[in-house]
Amino acid sequence: MIVRSLDDVAPVEWGNGLSYRILTKSDGMGFAVADTLVRKGTSSALQYRNHLEACYCIGGSGEVVEQDGTRHKIVEGTIYALDQHDPHYLVASADEDFHLVSIFNPPINGDEKHTLSPDGFSQY
């Protein structure tokens with residue numbers, strides 16, 4: 001049995017927020033779980049080419065914007081799943097941080113960081 005709290009893991013600065021990688025590949029569960037904070041007023045161009053990701057909003061609000069511009073409002077109690085390795089923009093609202101629980105399959109190692117730039121989608 002694995003029992004772990006946020007106090008047990010160091011946060012990873014991923015570019016526009018913090019990620020607490022609570023379960024990672026080394027735990028042997030076949031998936032990873034992260035507590036993710038997206039800073040208010042930020043927009044991040046992201047793509048996971050090696051992982052599928054689902055995010056469940058547990059606080060704050062924002063949007064997930066598809067590459068074609070389709071916008072999806074995300075509020076507490078909403079889940080979105082990137083089931084096609086979708087390039088997307090993760091946009092936190094201007095007035096509050098965006099708080100997500102992120103699930104990755106296959107699991108991430110836990111030390112990955114995004115390289116955010118205007119030149120394209122950060123990937124790992």
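Could you please give the count of residues in the range 48-90 that are open to solvent by 30 Å² or more (accessible area, probe 1.4 Å) and either under 12 Å from the mean Cα position of the chain (by Cα) or touching a residue at least 60 places away in the same chain (Cβ under 8 Å) (or both)?
7
Identify, please: which residue in the range 35-47 is part of a strand (DSSP E or B) and open to solvent by 30 Å² or more (accessible area, probe 1.4 Å) and is, among those, nearest to residue 96 (Cα to Cα)?
Restricting attention to the range 35-47, the residues satisfying the condition of being part of a strand (DSSP E or B) are 35-38, 43-47.
Filter once more, keeping what is open to solvent by 30 Å² or more (accessible area, probe 1.4 Å): 37, 43.
Details: 37: 11, 43: 13 Å.
Restricting to residues being part of a strand (DSSP E or B) and open to solvent by 30 Å² or more (accessible area, probe 1.4 Å), the top hit is 37.
Mind checking which residues of the range 60-112 are under 16 Å from residue 41 (Cα atoms), among the acidic types (Asp, Glu) and in a strand (DSSP E or B)?
Answer for the range 60-112, where residues must be under 16 Å from residue 41 (Cα atoms), among the acidic types (Asp, Glu) and in a strand (DSSP E or B): just 63.
Any residue in the range 22-34 that is hydroxyl-bearing (Ser, Thr, Tyr), farther than 16 Å from residue 100 by Cα and open to solvent by less than 70 Å² (accessible area, probe 1.4 Å)?
Yes - at least one qualifying residue is present in the range 22-34.
Being hydrophobic (A, V, I, L, M, F, W, C) and either part of a helix (DSSP H, G or I) or open to solvent by less than 60 Å² (accessible area, probe 1.4 Å) (or both) is the filter; apply it to the range 3-21 and report the residue that is modelled with the lowest pLDDT.
At the first step, the residues of the range 3-21 found to be hydrophobic (A, V, I, L, M, F, W, C) are 3, 6, 9-10, 12, 14, 18.
Adding the requirement that they be either part of a helix (DSSP H, G or I) or open to solvent by less than 60 Å² (accessible area, probe 1.4 Å) (or both) leaves 6, 9, 12, 14, 18.
Details: 6: 95, 9: 96, 12: 92, 14: 86, 18: 95.
Looking at residues that are hydrophobic (A, V, I, L, M, F, W, C) and either part of a helix (DSSP H, G or I) or open to solvent by less than 60 Å² (accessible area, probe 1.4 Å) (or both), I get 14.
The values are calculated or read from the model by the stated rules, or taken from the named source; none is laboratory data. Treat the numbers as computed from the prediction; the structure is a model and nothing was measured. Backbone-built Cβ (ideal geometry, glycine too); neighbour counts: all protein chains shown. When the accessible area is computed, the model is the full protein with side chains, heavy atoms only, and any ligands, DNA or RNA have been set aside. Shrake-Rupley method; radii C 1.70, N 1.55, O 1.52, S 1.80 Å.
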